[in-house]
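K.L.:
If you scroll down you'll find the structure; I have some questions about it.
The values are calculated or read from the model by the stated rules, or taken from the named source; none is laboratory data. Nothing here was measured: the structure is a model prediction, and the numbers come from that model. Every residue, glycine as well, gets a Cβ built from its backbone with ideal geometry; the counts of neighbours run over all protein chains shown.
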Amino acid sequence: MALTLYCSLTSPYARRVRLATRLLGMSGEIHEEVVDPFSSPTELLASNPLSKIPVLRDEDGFVLPDSHLILSYLLEQQGRAMPAARGDWAEARGLAIVEGLIDASTSIVMENRRPESIRYPAHIDRQTEAITRCLQALAKPPAPDDFDTAAPVPLSLATALAYMDFRLPWPQWRGQQPQLAEWLDALTGHVAMRDTRPPDNA
């Protein structure tokens, strides 16, 4: 079954799916179609009326328009399941916090792209505070080998932290959480992280 992943090379939501395909050994089965969701391309709108990425689609029109859904699907293809489906509520809580960290980071990035005259500083401050609290809740790094297994929390956390390095060099998260910074740095040379790294000029 041919699968197409509509994605962006800079989106953290797309990156965690792209990481999963590589860590699960499924990247050869999935064609990555790079699109700009902000231009509302026809091929993306046909799969997701929200014009958001990532979107996974097969040749028969089966569509999953959300990174969490796509991760669930990919794991199921390997006989595995997301934390909530396994009844692991502690891990499910951790995943929800990591996903909130991604949401808060992208929200700041999008707000900062608005003309300065109509930016909402209180919103940026609130999301920055949320990032700090999320990092405090996640301060203990995952086990070293968990990333290689495509466990949802570690691969999503690596995506979130790398995205903050990429788009939000402030609020100096590395100084706040040196253990997480050390954990991410140890993954820098991992082939999956290298292969999904955003372009330097993006």
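K.L.:
Go through Ala162, Ala181 for me and flag whichever is part of a helix (DSSP H, G or I), aliphatic (A, V, I, L, M) and in contact (Cβ under 8 Å) with a residue 24 or more places away in the chain.
P.N.:
When all the criteria are applied, what remains is Ala162.
K.L.:
Given the criteria in contact (Cβ under 8 Å) with a residue 60 or more places away in the chain and of a type in the set (Val, Ile, Thr), does Thr10 qualify?
P.N.:
The answer is yes for Thr10.
K.L.:
Among the residues of the range 166-176 satisfying the criterion of being part of a helix (DSSP H, G or I) and surrounded by 14 or more Cβ atoms within 10 Å (Cβ to Cβ), which is farthest from the chain's Cα centre (by Cα)?
P.N.:
Only one residue fits best here, namely Gln176.
K.L.:
Do we find that Gly175 is outside the structural domain of Thr10 (by TED's automatic domain parsing), small (Gly, Ala, Ser) and at pLDDT 95 or above in this structure?
P.N.:
Considered against the rule, which asks whether it is outside the structural domain of Thr10 (by TED's automatic domain parsing), small (Gly, Ala, Ser) and at pLDDT 95 or above, Gly175 comes out as no.
K.L.:
Within the range 27-50, identify whether any single residue is modelled with pLDDT under 95, in contact with a Phe, Trp or Tyr (Cβ under 9 Å, 6 or more places away or on another chain), of a type in the set (Ser, Thr, Tyr) and farther than 15 Å from Thr159 by Cα, and answer yes or no.
P.N.:
yes
K.L.:
Which one is farthest from Asp145 (Cα to Cα), of the residues in the range 23-62 that are buried (at least 16 other Cβ atoms within 10 Å of the Cβ), more than 18 Å from the chain's Cα centre (by Cα) and not polar (S, T, N, Q)?
P.N.:
Looking at residues that are buried (at least 16 other Cβ atoms within 10 Å of the Cβ), more than 18 Å from the chain's Cα centre (by Cα) and not polar (S, T, N, Q), I get Leu44.
K.L.:
Is at least one residue of the range 120-140 assigned to a helix (DSSP H, G or I), of a type in the set (Lys, Arg) and within 20 Å of Arg15 (Cα to Cα)?
P.N.:
The answer is no, given that none of the residues of the range 120-140 is assigned to a helix (DSSP H, G or I), of a type in the set (Lys, Arg) and within 20 Å of Arg15 (Cα to Cα).
K.L.:
Free of Cβ contacts under 8 Å to residues at least 24 places away in the same chain, outside any helix (DSSP H, G or I) and under 22 Å from Leu24 (Cβ atoms): which single residue out of Ala143, Ala92 fits that description?
P.N.:
Exactly one of Ala143, Ala92 is free of Cβ contacts under 8 Å to residues at least 24 places away in the same chain, outside any helix (DSSP H, G or I) and under 22 Å from Leu24 (Cβ atoms), namely Ala143.
K.L.:
Now, a different point. For the range 147-156, state whether one or more residues are in a loop (DSSP other than H, G, I, E, B), loosely packed, with under 15 Cβ neighbours inside 10 Å, of a type in the set (A, V, I, L, M) and in contact with a Pro (Cβ under 9 Å, 6 or more places away or on another chain).
P.N.:
no
K.L.:
Search the range 180-202 for residues being of a type in the set (A, V, I, L, M) and under 15 Å from the mean Cα position of the chain (by Cα), and hand back the single one that is nearest to Ala162 (Cα to Cα).
P.N.:
Leu184
K.L.:
Follow-up question, since we're still on this one. Got a number for residues in the range 10-67 being under 22 Å from Asp103 (Cβ atoms), among the hydrophobic types (A, V, I, L, M, F, W, C) and part of a helix (DSSP H, G or I)?
P.N.:
Number satisfying all stated conditions: 6.
K.L.:
Yes or no: the range 122-131 includes at least one residue that is at pLDDT 95 or above and closer than 30 Å to Gly79 by Cα.
P.N.:
No, the range 122-131 contains no residue that is at pLDDT 95 or above and closer than 30 Å to Gly79 by Cα.
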